[in-house]
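The values are calculated or read from the model by the stated rules, or taken from the named source; none is laboratory data. Remember, it's a predicted structure, so these values are computed and weren't measured experimentally. Using ideal geometry, Cβ is built from the backbone for each residue, glycine included, and neighbour counts are taken over all protein chains shown. Ligands, DNA and RNA are stripped out before the accessible areas are found, and what is left, the full protein with its side chains, is counted by its heavy atoms. Shrake-Rupley method; radii C 1.70, N 1.55, O 1.52, S 1.80 Å.
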Amino acid sequence: MEKGLFEFKKVLKCVLLSFITTILLGGILAFIVYFWQVEEPTVRIIIFAAMIVSVLFGSFVLAKNVDSKGLINGLLMAVIYFLVILIISFIINGKVSFGVTNVTRLVTLSAAGMLGGILGINTKK
């Protein structure tokens, strides 16, 4: 029981790491948008790509720090990341919709989390 809670703490730390990565990549994007004219659809795609990279990185680091179940831990991390994004979106907009965009985002982030978990476990020394 105690090990499960300890593993969940690692998941939450890596979710935080993913958000820090997202913020850093968002800062780079803001710099690019400030100096060069970038169309809004392109910005949306780049933000989505930054989220994917962040979840992939966070789940990779998580899998390097756990002994097993990289796939499940990566998926769990990605789902928590997505839920936090939804909560933030709800706080800002006052509503959340489960349209094609959010379903696609959930599936893609989940796949990135599982891939990062697999890669992290398989690259252990």
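How much accessible surface does Ile85 have with a 1.4 Å probe, in Å² rounded to 10?
Taking all protein chains as shown, Ile85 has close to 40 Å².
On C-alpha positions alone, give me the angle between the axis of helix 40-65 and the longest principal axis of the chain, in degrees, nearest 10.
The helix 40-65 is inclined about 10 degrees to the chain.
State whether the stretch 41-92 is rounded, prolate or oblate according to the following rule on the C-alpha gyration tensor (a ≥ b ≥ c being the square roots of its eigenvalues): a/c under 1.5 gives rounded; otherwise a/b larger than b/c gives prolate, and the remaining case gives oblate.
Values: a/c = 3.55, a/b = 1.66, b/c = 2.14.
Taking the square roots of the gyration eigenvalues as a ≥ b ≥ c, the stretch 41-92 is oblate.
Once you order the gyration tensor axes a ≥ b ≥ c over the Cα atoms, which shape class does the stretch 6-125 get: rounded for a/c under 1.5, otherwise prolate or oblate by comparing a/b with b/c?
Numbers: a/c = 2.09, a/b = 1.55, b/c = 1.35.
Taking the square roots of the gyration eigenvalues as a ≥ b ≥ c, the stretch 6-125 is prolate.
Output ³J(HN,Hα) for the stretch 23-38: one whole-Hz value per residue in order, computed from phi by the Karplus curve 6.51 cos²θ - 1.76 cosθ + 1.60 with θ = phi - 60°, and x for Gly and Pro.
5, 4, 5, x, x, 5, 4, 4, 4, 5, 5, 5, 8, 10, 7, 10
Show me the GluC sites (Glu not before Pro) within the stretch 1-77 that DSSP assigns to loop and that have at most 16 other Cβ atoms within 10 Å of their Cβ. Write out the running numbers ahead of the final one.
Values: sites: Glu2, Glu7, Glu39; in loops: Glu39.
The qualifying sites are Glu39.
I'd like the Karplus ³J(HN,Hα) series for the stretch 96-109: coefficients 6.51, -1.76, 1.60, θ = phi - 60°, whole numbers in Hz, and an x wherever there's a Gly or Pro.
With the stated coefficients, the stretch 96-109 comes to 9, 10, 9, x, 4, 4, 5, 5, 4, 4, 4, 5, 5, 5 Hz.
Can you tell me the accessible area per residue over the chain, all protein chains present, probe 1.4 angstrom, in square angstrom? Each step should come with its number before you reach the end.
Values: 8200 Å² over 125 residues.
Heavy-atom accessible area per residue stands at 66 Å².
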